[in-house]
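Here's the structure we're looking at; comments come further down.
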Amino acid sequence: MHELTITQNILKIVLDAVKGQKARRVKAVRLLVGPFSGVIPECVQMYWDVLAKGTCAEGAKIESREAPMRVHCRDCGKDGEITHRRIACPYCGSVHLQRLSGRECTVESLEVE
Ligand SMILES: [Zn+2]
């Protein structure tokens, strides 16, 4: 259900973006997915194949890239980015971090023809 709603939103964004352009077909949609968004790109692709049928985005390939997560360090007060491999403050190494992002799922770019 989660991915269905997300896919509907992404499709709307994509169709709005290509509206008025000369693009005949959307070939690929690149997503920036936060590590805590819970979005599984394979599921998005599955729904996409159904929802985009009959639009210029039919058959587009869903590609994704994991977005770095922005955090605020409670110890040194700086904002930084962490990844799954490094879950400590990049400045002081503290793990007392406040999450600023990570649940987002946005369209990074489109490949059209
Ligand atoms: Zn710190």
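Here are some notes:
- Residue list for the stretch 53-68, restricted to those being touching a strand residue (DSSP E or B) at 6+ places or on another chain (Cβ under 6 Å), assigned to a loop (DSSP other than H, G, I, E, B) and not hydrophobic (A, V, I, L, M, F, W, C): PRO68
- Residues (away from the ligand (no atom under 12 Å from the Cβ) and assigned to a loop (DSSP other than H, G, I, E, B)) located in the stretch 69-90: THR83, HIS84, ARG85, ARG86, ILE87
- Single unsatisfied condition, SER37 versus (1) surrounded by 13 or more Cβ atoms within 10 Å (Cβ to Cβ); (2) among the polar types (S, T, N, Q); (3) assigned to a helix (DSSP H, G or I): (3)
- Residue under evaluation GLY102, criteria (1) more than 8 Å from the ligand (Cβ to nearest atom); (2) open to solvent by 40 Å² or more (accessible area, probe 1.4 Å), criterion not met: (2)
- Qualifying residue in the stretch 48-66 (condition: open to solvent by 70 Å² or more (accessible area, probe 1.4 Å), within 16 Å of the ligand (Cβ to nearest atom), among the charged types (D, E, K, R) and within 21 Å of the chain's Cα centre (by Cα)): no
- Being modelled with pLDDT of 95 or more, part of a helix (DSSP H, G or I) and of a type in the set (Asp, Glu) is a description that applies to ASP49.
- Contacts under 6 angstrom Cβ, first residue in the stretch 94-113 being among the hydroxyl-bearing types (Ser, Thr, Tyr), partner within 14 Å of the ligand (Cβ to nearest atom) and in a strand (DSSP E or B), 6 or more apart: SER94/CYS73; SER101/ARG70
- Scanning the stretch 55-113 for residues that are of a type in the set (Val, Ile, Thr) and touching a Cys at 6+ places or on another chain (Cβ under 9 Å) returns VAL71, ILE82, VAL95, VAL112.
- Hits in the stretch 72-99 (condition: open to solvent by 60 Å² or more (accessible area, probe 1.4 Å) and hydroxyl-bearing (Ser, Thr, Tyr)): THR83, TYR91
The values are calculated or read from the model by the stated rules, or taken from the named source; none is laboratory data. Just so it is clear, the structure is predicted and the values come from calculations on it, not from any experiment. Here the Cβ is made from the backbone with ideal geometry for all residues, glycine too, and neighbour counts use every protein chain on show. SASA here: full protein model, heavy atoms, side chains in, ligands and nucleic acids out. Shrake-Rupley method; radii C 1.70, N 1.55, O 1.52, S 1.80 Å.
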